[in-house]
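The following block contains the structure, expressed as structure tokens.
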Amino acid sequence: MLRAVRLNSIAPESFSEQPHGLVATAPIAPSPSPIAAKQAIRTSLRASTLDGVFAAVFSTITSGVLLSNFLVELHASPTEIGLLSSIPMVANLIQPLGAFLGDRVNSRHNYCLWVYAPSRLLWLVLVAGIAFAHWWHVEAQRLVWWTLAIVCLTHFIGALGSAVWLSWLAALVPRRLRGRYFGIRNSAASLTNLLCVPLLGLAVSAFPGGSLQAFGVVLLLGVVAGIISLGFQFLMVDVNPQRQQEEEGSGEWGVGSRESGSRQPSTVSGQETANSAPLVINPIGFTGEAADTDGRSRQALITDDSQNPHLISLSTPYALPPFLRDKNFLFFLLYFSGWMFAVNLSAPFFNLYMLDNLAIDVSWVTIYTSLQAGATLVMLVVWGRLADRVGNRPILLAVGILVAVTPLFWLGTGANTLSVWLWLPLLHVIAGATWAAIDLCNNNLQLGVAPVQQQASYFAVAAAIAGISGALGTTVGGFLAEFADYGGIPGLFALSAIVRLVALLPLVLVHEQRGQSLHQMMQVLFPSKAAPALETVPAYSQAVLLKAQLDDATHCTVDKSVTMEE
């Protein structure tokens, strides 16, 4: 059952307990006890993790090696394989529209449900198309374009919810737990991939009706898993973006401040609060608008960025949008877009290289993918814990160099026994360990550079720009892969390594609040005898550690006027 509670950050004594000038037009749900608030957050995080597990099954089938193998079996060209990878990135162009619509509804959950349910159910059309092609002997090329059309339609619909879903989750996860929680959540998804990919790959290879019909059956199972994942979202606390914007824009914390800093910190027993902005959860039945009584419009409150240290002041009557005046966010966009272009020059073609150039069976490729998922599973918790201690930017710089040169290692692979049994498995293990850090820290860094009250719009802009760059990289890579005179796919790997190294340069200019330098990170990893290491994390299990820190973090989000209930 979808629950609704309200949690407020404890403000400094100089601030009033309620935002000034806000008059609710509908009854507000009573404030819960601290125990109920903590339990609501715990239940939401557990439900989100289970949502991620079943969504991983759906994503593995609809966007992984199984879908690539399906197109290879249909004799798709490298350009068409490149289109398969570029479509999701082009779809990110409409994320700003999704953020605009999502900020004008009264429920994050209902919005996500109405976006993701149709986008996942549409894959049933491809299931029907595969059956139709089998019975009526439709030509393979037509089925290729049918598949690309379904991929395009479902990803464009799904892109409308990406920024809204990330804003929803950002409101629920305490800032101090983001590294650990997302590490554990992604580890659960990686474990799912580790178990599902080889089993599904073997099923496709051994299916008596052939690999094309086998993929149709597997795709049907994936759609069922995708719908089950949406069911777990009913157990998560819903967020009303209207109330969230009104309270955050009321000046209680200083409008324009970021989650990671620039506000005046409140204190609880001398410690800074875990969340830097009030978490306003959707009260049941609240649908009205709140009125401002201090003579300023609500939009003016929300867009007042005077306390944001990264914004460029403009005196023109028609000021640019806040994200275009945010130097730090623009540096992040420059890094993120360049990195997406560089990575996607070659990323979609590693599986194609093994399946087509090296003629390796799909069952081997799925085993390699499982090894990569296993390495990700092990390292996500490690990277999450380290990111909470030293920050995300130094990890991105250090690990990004290794990720940048990894495509060069593929130039020494072949179809020989040494490559099949040693070299290719090792490359996938390295990829799983390093990309765990890149994906986790990119996500956390994006959460840190976006202002709290404008997260959805910032996330959408970042996704749109990165989508354009990634799609451009995939398209360019697809064309270059077809020209043997330029080295084909191996030459593309070498070019990608060079561009990846260049793309890391703007990351040096990105500022991360409470982030450390590379030198400080190395001191944490390899402490000298003269300089003792930072306090180590206790050795008990991650579940106990997360529960203990969740108690501490969520305690800071409960209204101090609420009395304890047994």
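The values are calculated or read from the model by the stated rules, or taken from the named source; none is laboratory data. This is a predicted model, so every value here is computed, not measured. Heads up, the Cβs are rebuilt from the backbone with ideal geometry, glycines too, and the neighbour counts pull from every protein chain shown. For accessibility, only protein heavy atoms count, side chains too; no ligands or nucleic acids. Shrake-Rupley method; radii C 1.70, N 1.55, O 1.52, S 1.80 Å.
Which three extents, in angstrom, do the Cα atoms of the range 374-496 have along their principal axes, listed largest first?
Cα spread of the range 374-496 along its principal axes, largest to smallest: 53, 32, 20 Å.
Additional query: Under 5 Å between amide hydrogens, which residues at least 5 positions from D326 or on another chain qualify, with H placed 1.01 Å from N in the peptide plane?
Those qualifying (amide H under 5 Å, at least 5 residues apart or on another chain) are I312.
Given a 1.4 Å probe and the protein chains all in place, what does the accessible area of H155 round to, in Å² to the nearest 10?
Result for H155: roughly 50 Å² accessible.
Taking θ = phi - 60°, what integer Hz values does the Karplus form 6.51 cos²θ - 1.76 cosθ + 1.60 yield along the range 469-477, in sequence order, with x for Gly and Pro?
5, x, 5, 5, x, 5, 5, 4, x
Oh, and also: When you count, for each residue, the other Cβ atoms within 10 Å and take the mean per peptide, how do 122-131, 360-369 rank with the highest first?
360-369, 122-131
Could you give me the percent of Cα pairs per 5 Å distance bin for the range 36-243, shortest bin first, beginning at zero and ending with the bin that holds the maximum distance?
Using 5 Å bins, I get a P(r) of 1, 7, 14, 17, 19, 16, 11, 7, 5, 2, 1, 0 for the range 36-243.
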